[in-house]
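So that we are looking at the same thing, I have put the structure below in structure tokens.
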Amino acid sequence: MVPWVSVNISVDFSCAQSYLKRLSGVSVHHLIAASIAHGLQKVPQANANIIGGQIFRRKSVHMGMPVNLLGHEGGQTRELSLMLIKHLDKKSLLDIAQEGRTTLKSERQGTPKNPFISMMFRLAENLPRQAVFKTLSAMDVLLQQPKFAERLYDVFPVTTALSNPGSTLPSDVDGILFRGASINLPLRLLHVGTFWGMSTIQKEVIPIDNVPTVRPMLPITLVFDHRLIDGVKASELLLSVCKCIQEPASIFGKDGRLPPAISV
């Protein structure tokens, strides 16, 4: 039985656009990552890993993000990498942006910062394909053992992930809107409690005070493990993330330096 449930929404991004224009070096991606961390503070049940059928709740939010390497120095040997930002719940929006830029630059230069990611890519590049498959299968068996999985978590802690499906679709072409994705995550190897997808900001007509209004909208996909949270908690999580996007200054401060909210 597949435990993943996908939810697709669009959120008004007009306030966030104005907010980001005032902040130097902070991207949409950084804002969404910080918003997810804030939401997972509000719904900590979703910030967990399932290992060997056991739920391990995590005290901090660690996010994995795929990185496109094509067109960069690191793309000479592979198309994709994975960056990790730890303790998002303990960092301001500006802190997240600075670390995100530094880590992204390192990944695109072909020098992954995380030793686990470096090891996995070396294996994939140097071993025959069948040997890679056998190695991954062996790791999957070991990762069902909590003691081994916890050791891996120490070097590669990840509780949630953020990607950008649909971002390559043009946002300025009339007659085309991105409506979301249905994503089933693999149950092998690393487990995350939530997976988030964000697409290109696009103009949509929505009701504002019962008047049809064109606004810049950000499509967001949440994929959550139903073994961790139900639909009620998933809605609470989504609404918390949306509040950050719609009222970023009240959450992160006018200059993006506001300390993270206390978990409740």
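The values are calculated or read from the model by the stated rules, or taken from the named source; none is laboratory data. Just so it is clear, the model here is predicted, and its values are computed rather than measured. Neighbour counts run over all protein chains shown; Cβ positions are idealised from the backbone, glycine included. Note: accessible area is taken over every heavy atom of the protein model, side chains too, but ligands, DNA and RNA are not part of it. Shrake-Rupley method; radii C 1.70, N 1.55, O 1.52, S 1.80 Å.
Report the net charge of residues surrounding I208, where surrounding means a beta-carbon distance below 13 angstrom and charges are Lys +1, Arg +1, Asp -1, Glu -1.
-2
Let me ask something else. Per residue, how much accessible surface does region 105-264 expose to a 1.4 Å probe? Answer in Å², no decimals.
58
Using r as the Cβ-Cβ distance of K90 and T111, and R0 as 22 Å, what FRET efficiency do you calculate, to the nearest 0.05?
Calculated transfer efficiency: 0.30.
Each label point is 7 Å from the Cα along the Cα-to-Cβ direction; what then is the distance between the points at R179 and E236, in nm?
Between R179 and E236, the simple spin-label model gives 3.1 nm.
Suppose accessible area is computed on protein heavy atoms with a 1.4 Å probe; arrange H29, H72 from highest to lowest.
From most exposed to least exposed: H72, H29.
So for region 44-97, considering every pair of alpha-carbon atoms, how many percent are separated by more than 12 Å? Write down the numbers at each step before the final one.
On the way: 1038 of 1431 pairs.
Every Cα pair in region 44-97 considered, those over 12 Å come to 73 percent.
Summing Lys, Arg as +1 and Asp, Glu as -1, what charge do residues with Cβ under 9 Å from the Cβ of G39 carry, G39 excluded?
+1
Report D for the chain in µm² per second (integer): Stokes-Einstein, Kirkwood Rh on Cα pairs, 4 °C, 1.567 mPa s.
Taking Rh from Cα pairs, D becomes 66 µm²/s.
Ranked by accessible surface with a 1.4 Å probe, highest first, in what order do K91, K86 come?
On the way: K91 50, K86 90 Å².
Per-residue accessible area, sorted high to low, gives K86, K91.
Something else about it: With all protein chains present, how much of the accessible area of the chain (probe radius 1.4 Å) comes from carbon and sulfur, to the nearest whole percent?
56
Still on this structure, I have one more. Pull up the cross-link candidates among the aspartates and glutamates for K243, meaning alpha carbon to alpha carbon under 15 Å and not fewer than 8 places away within one chain.
Cα-Cα hits under 15 Å: D12.
If you count only protein heavy atoms and use a 1.4 Å probe, how large is the accessible surface of S18, to the nearest 10 Å²?
Counting only protein heavy atoms, the figure is 60 Å².
Shifting gears a bit: Would you list M1, M139 from the most to the least accessible area, probe 1.4 Å?
Accessible-area ranking of M1, M139, largest first: M1, M139.
If I take R0 = 51 Å and measure r between the Cβ atoms of Q76 and Q45 in this structure, what FRET efficiency does the formula 1/(1 + (r/R0)^6) give, to the nearest 0.05?
Details: r = 42 Å, r/R0 = 0.83.
The value I calculate is 0.75.
Using a 1.4 angstrom probe, figure out how much accessible area region 23-73 has per residue, in square angstrom, rounded to the nearest whole.
Details: 1870 Å² over 51 residues.
Accessible area per residue, region 23-73: 37 Å².
Name the shape class, rounded, prolate or oblate, that the alpha-carbon gyration tensor gives for region 63-157, where a ≥ b ≥ c are the square roots of its eigenvalues, rounded holds for a/c under 1.5, and otherwise prolate holds if a/b is larger than b/c and oblate otherwise.
Since a/c reaches 1.5 but b/c is at least a/b, the shape of region 63-157 is classed as oblate.
Given 0.36 nm per residue, what is the gain on full extension from H226 to R57 after removing their alpha carbon distance, in nm?
59.4 nm
Something else about it: Would you mind calculating the gained length between V7 and E150 on full extension (0.36 nm times residue separation, minus the Cα-Cα distance), in nm to one decimal? Before the final figure, lay out each step's value.
Values: separation 143, 0.36 × 143 = 51.48 nm, distance 2.96 nm.
Between V7 and E150, full extension yields 48.5 nm more.
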